[in-house]
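Peer 1: Please find one structure pasted underneath; my questions will follow.
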Amino acid sequence: MKKVFAFILSVSASLVLADDVKISGLRGGYENLNTELIQKAIDDCSSSGGGAVIFPSGTYKTGFFVMKDNVVLKLKPDTIILGSENPSDYPKLNIPTADNDFNYTLIYAKNAKNIGIEGGTIRGQGEKFPSKGEARRHRPRNILFDGCTNVNLNNLTMLAPAFWNAFFLHCDGVNLDRLNIYVQANHNNDGLDIASKNVKITNCVINAVDDGICLKNEHSQDFVVENITIENCAIASSCNFIKIGTGTQSDFKNLKVRNCVLSRPSKDTPIKWWRNKRLGVDEGLDTGLAGIALEAVDGGKIDGVEIENVSMTGVQTPIFIRVDNRDRNNTTGKKSSAKNIFMKNITAVSDSFITSSITAPKGYELENVVIENCIFDIKGGVEEKAIHNKIRDPKKAYPENSMFRRMLPAYGFFIRNAKNITFANIQLITHNAPEFRHAFYAENTKNLVLKDCFFQKPAGNAETLKFVNSQYKIEGRFTEQ
């Protein structure tokens with residue numbers, strides 16, 4: 001591709017380098033629609049071999065437009081691409097989603113190569129789209145790239161989509177660097193949704209009303225989401241901070257998360273649909289659901305996850321790992337599984353009574369999980385009677401940290417139907433009030449190892465460790481106090 005700085009579009013066709021030149025009717029502000037001009041600029045640039053479409057300073061409203069091969073949109077720092085508030089400016093696309101809805105977007109690309117967006121701001125007007133009823137299905141994303149190769153977004157601010165912010169579907173080679181994402185205008189405002197391979201997400205700041213970064217694979221029975229790196233990111237969310245799932249019809253491999261800070265959403269979040277509904281969450285307090293959520297529930301397999309150097313606060317549940325079958329669009333009859341999951345150097349302070357869990361129904365593979373060098377500071381205050389709760393495995397339930405519906409019998413970790421699980425150099429402590437539940441509960445678990453761990457002893461008579469029909473080994477020093 002030609003260097004983007006070397007390509008200047010013709011005056012009659014498009015935008016130009018000079019900020020003070022208005023070309024072919026390009027008009028700024030919130031009233032004027034520039035869709036045709038923007039699309040023509042992209043088309044002409046691509047057909048001429050590619051280069052940069054450079055936006056002048058200002059705010060330019062537009063409806064749906066399509067990126068083409070070898071084109072980079074270059075925005076000035078004070079340039080805003082503003083999505084139209086009119087649903088008729090967004091045609092319905094043919095994307096094979098799980099429910100064939102929400103097929104709308106502001107910026108679209110299909111099978112394009114060497115495309116990108118640099119600088120400036122993309123802003124939807126998501127607050128002007130309804131979030132209820134049938135009309136909610138016509139909410140556009142800010143970006144949807146499908147089947148594209150070599151995608152680069154950098155030094156870009158993205159705001160206020162009506163649905164997900166940016167979705168990368170079956171792309172190969174996606175680099176997202178220095179993105180500032182603030183998406184709290186409507187329900188389902190995820191920060192980034194990834195169903196692609198060879199993806200790097202680095203140096204991003206995300207504040208989302210829904211999932212911060214979500215890896216999913218619900219659009220194909222054989223596409224593999226693989227080789228994903230999330231590094232040096234700060235993520236705030238009212239939902240899950242970093243999530244694999246829920247959509248998991250096909251497989252995930254080689255996923256890495258490093259050097260990330262996870263925190264509660266900003267106080268001015270306007271949409272908090274689970275506020276005050278979660279066990280132990282203080283009234284009016286905004287929290288994330290799970291810090292790390294790994295959910296294989298639609299027939300796909302998760303194999304190879306490495307998570308290290310992560311701190312989290314303002315979270316209900318630090319770790320949530322679930323293998324299951326929710327019977328959604330799984331036409332192959334395959335069983336989901338999760339294995340080879342390694343987490344280390346994690347610190348977490350929780351704001352609820354909802355326990356971290358690693359669970360599956362009987363007959364499912366959930367194995368080879370190592371959690372080491374971690375400190376979990378858990379909100380205490382649950383009475384001892386909770387240790388007698390009968391925890392039934394929910395059938396085809398939506399996988400979420402509160403899916404068991406009742407208080408789990410341990411404050412730290414609840415393990416069920418798993419094997420080859422190791423906890424090494426783990427501290428489980430509580431704050432807020434005396435905690436009477438077990439620190440650790442394992443049921444139907446094989447080859448469980450606790451090595452060099454420190455667990456705060458329950459305030460009452462409950463054992464610190466509770467094992468039910470499980471094979472376990474305690475190595476090194478185990479300290480309780």
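Peer 1: When only alpha-carbon atoms count, how far does the stretch 334-374 stretch along each of its three principal axes, as whole angstroms with the largest first?
Peer 2: The Cα atoms of the stretch 334-374 stretch 36, 22, 13 Å along their principal axes.
Peer 1: With n ≥ 4 as the cut-off for DSSP H runs, can you work out [θ] at 222 nm for the chain, using -39500 (n - 2.57) per run divided by the number of residues, rounded to the nearest 500?
Peer 2: The per-residue figure over the chain is -1000 deg cm²/dmol.
Peer 1: If you average 1/r over every pair of different alpha-carbon atoms in the stretch 117-258 and take one over that average, what Kirkwood value in Å do you get? Could you put the intermediate results ahead of the total?
Peer 2: On the way: mean 1/r = 0.0672 Å⁻¹.
The answer is 14.9 Å.
Peer 1: Could I ask something else about it? For Lys473, give me every one of the lysines with a C-alpha distance below 16 angstrom, ignoring sequence neighbours fewer than eight places off in its own chain.
Peer 2: Answer for Lys473, where 16 Å is the Cα cut-off: Lys419, Lys446, Lys451, listed by chain and number.
Peer 1: Could I ask something else about it? Taking all protein chains together and a probe of 1.4 Å, list Asp89, Asp222, Asp211 from the most accessible to the least accessible.
Peer 2: Sorted descending by solvent-accessible area, the residues read Asp222, Asp89, Asp211.
Peer 1: Rounded to a whole number of µm²/s, how large is the Stokes-Einstein D of the stretch 60-122 at 20 °C and 1.002 mPa s, given Rh as the Kirkwood radius over C-alpha pairs?
Peer 2: Working: Rh = 13.1 Å.
D, rounded to a whole number, is 164 µm²/s.
Peer 1: Tell me the label-point distance for the pair Asn259, Asn198, using the 7 Å Cα-to-Cβ offset, in nm and rounded to one decimal.
Peer 2: Computed distance between label sites Asn259 and Asn198 equals 2.4 nm.
Peer 1: Largest first and in whole Å, give the semi-axes of the stretch 285-389's equivalent ellipsoid, each being the square root of 5 times a Cα gyration tensor eigenvalue. Could the numbers behind the result be given before it?
Peer 2: Numbers: eigenvalues 137, 63, 33 Å².
They are 26, 18, 13 Å, listed largest first.
Peer 1: Taking 0.36 nm per intervening residue step and subtracting the Cα-Cα distance, what contour gain separates Tyr30 from Ile375 on full extension?
Peer 2: 119.3 nm
Peer 1: Moving on. Kirkwood Rh, Cα Rg: Rg to Rh for the stretch 408-481?
Peer 2: In the stretch 408-481, Rg relative to Rh is 0.95.
Peer 1: Once you've got the Cα coordinates, tell me which of Lys74/Lys301; Lys253/Lys362; Lys113/Lys253; Lys200/Lys339 are over 28 Å apart.
Peer 2: Lys74/Lys301
Peer 1: Here is a further query. Tell me, what are the semi-axes, in whole angstrom and largest first, of the equivalent ellipsoid of the stretch 350-481 as set by the roots of 5 times the Cα gyration tensor eigenvalues?
Peer 2: The equivalent ellipsoid of the stretch 350-481 has semi-axes of 21, 19, 13 Å.
Peer 1: Additional query: Please report Rg (one decimal) and Dmax (integer) in Å for the Cα set of the stretch 378-451.
Peer 2: In order Rg, Dmax, the Cα atoms of the stretch 378-451 give 13.2, 35 Å.
Peer 1: If you project the alpha carbons of the stretch 442-481 onto the principal axes, what extent comes out on each, in Å, largest first?
Peer 2: For the stretch 442-481, the Cα spread along each principal axis is 28, 22, 8 Å.
Peer 1: May I pose another question? Leaving out ligands and nucleic acids, note down the accessible area per residue over the chain with a 1.4 angstrom probe, in whole Å².
Peer 2: 38 Å²
Peer 1: Which percent of the accessible heavy-atom area of the chain goes to carbon and sulfur, probe 1.4 angstrom?
Peer 2: Result for the chain: 46 percent of the exposed heavy-atom area is carbon or sulfur.
Peer 1: What percent of all Cα-Cα pairs in the stretch 136-220 falls into each 10 Å bin, going from 0 up to the bin containing the maximum distance?
Peer 2: Each 10 Å bin holds this share of Cα pairs: 19, 55, 26, 1.
Peer 1: Here is a follow-up. Assuming R0 = 41 Å, what is the FRET efficiency of Lys362 and Asn432, from their Cβ-Cβ distance, to the nearest 0.05?
Peer 2: Efficiency, from the Cβ-Cβ distance: 0.75.
Peer 1: While we're here: At q = 0.19, 0.21 Å⁻¹, work out log10 I(q)/I(0) for the stretch 25-94 with the Debye formula, treating every Cα as an identical point scatterer and leaving solvent out; two decimals please.
Peer 2: The computed values of log10 I(q)/I(0) come out as -0.78, -0.93.
Peer 1: Which three extents, in angstrom, do the Cα atoms of the stretch 177-242 have along their principal axes, listed largest first?
Peer 2: Principal-axis extents of the Cα atoms in the stretch 177-242, largest first: 33, 25, 14 Å.
Peer 1: Give the Debye-formula value of log10 I(q)/I(0) at each listed q (0.08, 0.14 Å⁻¹), with one equal scatterer per alpha carbon of the chain, two decimals each.
Peer 2: Normalising to I(0) and taking log10 leaves -0.50, -1.27.
Peer 1: Kindly sort Glu480, Glu283, Glu295 by accessible area of their heavy atoms, largest first, with the probe set to 1.4 Å. Numbers along the way, then the final one.
Peer 2: Numbers: Glu480 90, Glu283 170, Glu295 0 Å².
Solvent-accessible surface, decreasing: Glu283, Glu480, Glu295.
Peer 1: Counting only Cα atoms, I'd like the Rg/Rh figure for the stretch 71-200, Kirkwood definition for Rh.
Peer 2: My calculation of the ratio gives 0.94.
The values are calculated or read from the model by the stated rules, or taken from the named source; none is laboratory data. As the structure is a prediction and not an experimental result, all values here were calculated from the model. Glycine gets a Cβ as well: all are built from the backbone with ideal geometry, and neighbour counts include every protein chain shown. Heavy atoms of the whole protein, side chains included, go into the accessibility calculation; ligands, DNA and RNA do not. Shrake-Rupley method; radii C 1.70, N 1.55, O 1.52, S 1.80 Å.
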